1. Hey, what angle do you get for helix B:233-245 against the long axis of chain B, alpha-carbon based, 0 to 90 degrees rounded to 10?
2. Which percent, to the nearest 5, of DSSP beta bridges fully inside the protein assembly as shown are antiparallel?
3. Send over the Kirkwood Rh of the protein assembly as shown, from the inverse of the averaged 1/r over different Cα pairs, rounded to one decimal Å.
4. Return the sequence-ordered ³J(HN,Hα) values of the range A:24-39 in whole Hz as given by the Karplus equation 6.51 cos²θ - 1.76 cosθ + 1.60 applied to θ = phi - 60°, using x for Gly and Pro.
5. Could you calculate the FRET efficiency of residue B:196 with residue B:104 from 1/(1 + (r/R0)^6), where r is the beta carbon distance between them and R0 is 56 Å, rounded to 0.05?
6. Give the long-range amide H neighbours of residue B:37: residues separated by 5 or more places, or on another chain, with amide H under 5 Å away, using H modelled in the peptide plane at 1.01 Å from N.
7. Arranged by the count of other C-beta atoms within 10 angstrom, fewest first, what order do A:51, B:155, B:181 take?
8. For A:31, B:256, B:164, what ranking results if the residue with the fewest other Cβ atoms within 10 Å of its Cβ goes first?
Amino acid sequence: MSIFDYFRNNKKNSAAIAKERLQIIVAHERSQRNKPDYLPKMQQELLEVIRRYVEVDQDQVEVQLDQNGNCSVLELNITLPEAR
Amino acid sequence: MAKIIVVTSGKGGVGKTTTSAAISSGLALRGHKTAVIDFDIGLRNLDIVMDCERRVVYDFVNVINGEANLRQALIKDKRCENLYILPASQTRDKDALSQEGVERVLKELDEEGFEFIICDSPAGIEHGAFMALYFADMAIVVANPEVSSVRDSDRILGILQSKSRRAENGGQVEERLLLTRYNPARVAKGEMLGVEDVEEILATKLLGVIPESESVLKASNQGVPVIHDADSNAGQAYGDAVSRLLGEEVDHRFLSVEQKGLLQRLFRRSA
Ligand SMILES: Nc1ncnc2c1ncn2[C@@H]1O[C@H](COP(=O)(O)OP(=O)(O)OP(=O)(O)O)[C@@H](O)[C@H]1O
Ligand SMILES: [Mg+2]
């Protein structure tokens, strides 16, 4: 690869980078769309229930709602603290 | 029934007003009775792009508030027989457009026998943009080949799919992508997103690609929508887009760098 190719490739990359970044952000934003309004509140209440039993932080709980054809999957991910 | 077409984008300054002026003029030139409405309340600009700024007496909000009737407010275009412009008001009250009011004006235009109603949306996703798209049958989503514009276009598509009247009634707004300010030379060099890239990301049917062109500024300087400039590539590309809107199959043009032969270049230089 000559030095000219290197510069040419670098240029070529900026549109490709833009496309890749857009695909990721657009996919993410679409997945956030049309989420039911109750989701944040539900997340809060779930967290409270969990906290009655284990000590976890707000950011240790992840609630994800995925559309899978005609059924929705509610995924709850809790990272428990290491056992002491 | 009149077909209501919103020209929208989310992001500002991408070419909505330029497009509204060109497409509405193009439809009228083909013999279709067309109205174009400026929804950019407080920042009226369609009037100056279409050279009727000194003829504005009443505006959209006056009609909604019953201070003028529709016929008094509509401005007949100087160049096209079948084209009428409804200017935005310069009020700073952004909520001056009520949903009922907008619906009433659209219904009246339909009763007046208009075939197409083009709604020039303001930027953003606030009330004005929402009012412009709510009643639409079709949306022309204007985007530039640039990350923030494409991302905002996707947000607008999401709003069309959930918040429009058609969506609320379980239907769909017909969505079309219009890519403007396209620079094939930069695309070829990998410096700009290509039309296929944007189509793929947005998964929306392409209405047209308008090249970046000096003729657009010249047109707005003079208040003559660029579609009247038949020599310019932007004018021709808008003409093609109008043909596609009317159901004709037209190949996309101006997507690649013009290949000028050596002889041609020599001739041009000596000419
Ligand atoms: N194809 C093009 N080639 C070159 N310049 C263009 C092109 N399309 C639009 N422009 C220029 O871009 C600027 C913004 O265009 P326009 O006013 O149509 O955008 P807009 O989306 O209506 O903006 P706003 O969001 O403020 O309403 C203008 O100066 C216009 O001349
Ligand atoms: Mg505008």
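Values quoted throughout were computed directly from the atomic coordinates according to the rules given, and no laboratory measurement underlies them. Please read these numbers as outputs of a predicted model, since none were measured by experiment. Cβ placement follows ideal geometry from the backbone for every residue including glycine, while neighbour counts extend to all protein chains displayed.
1. 50 degrees
2. Working: 10 of 38 bridges.
Just about 25 percent of them are antiparallel.
3. On the way: mean 1/r = 0.0440 Å⁻¹.
Evaluated over the protein assembly as shown, this radius sits at 22.7 Å.
4. Going residue by residue, I get 5, 5, 5, 4, 4, 5, 5, 5, 7, 6, 6, 6, x, 5, 6, 4 Hz, with x marking Gly and Pro.
5. Working: r = 42 Å, r/R0 = 0.76.
After rounding, the FRET efficiency stands at 0.85.
6. B:86, B:118, B:119, B:120
7. Working: A:51 13, B:155 17, B:181 22.
Least crowded to most crowded, the residues run A:51, B:155, B:181.
8. Numbers: A:31 13, B:256 10, B:164 21.
In increasing order of surrounding Cβ atoms, one gets B:256, A:31, B:164.
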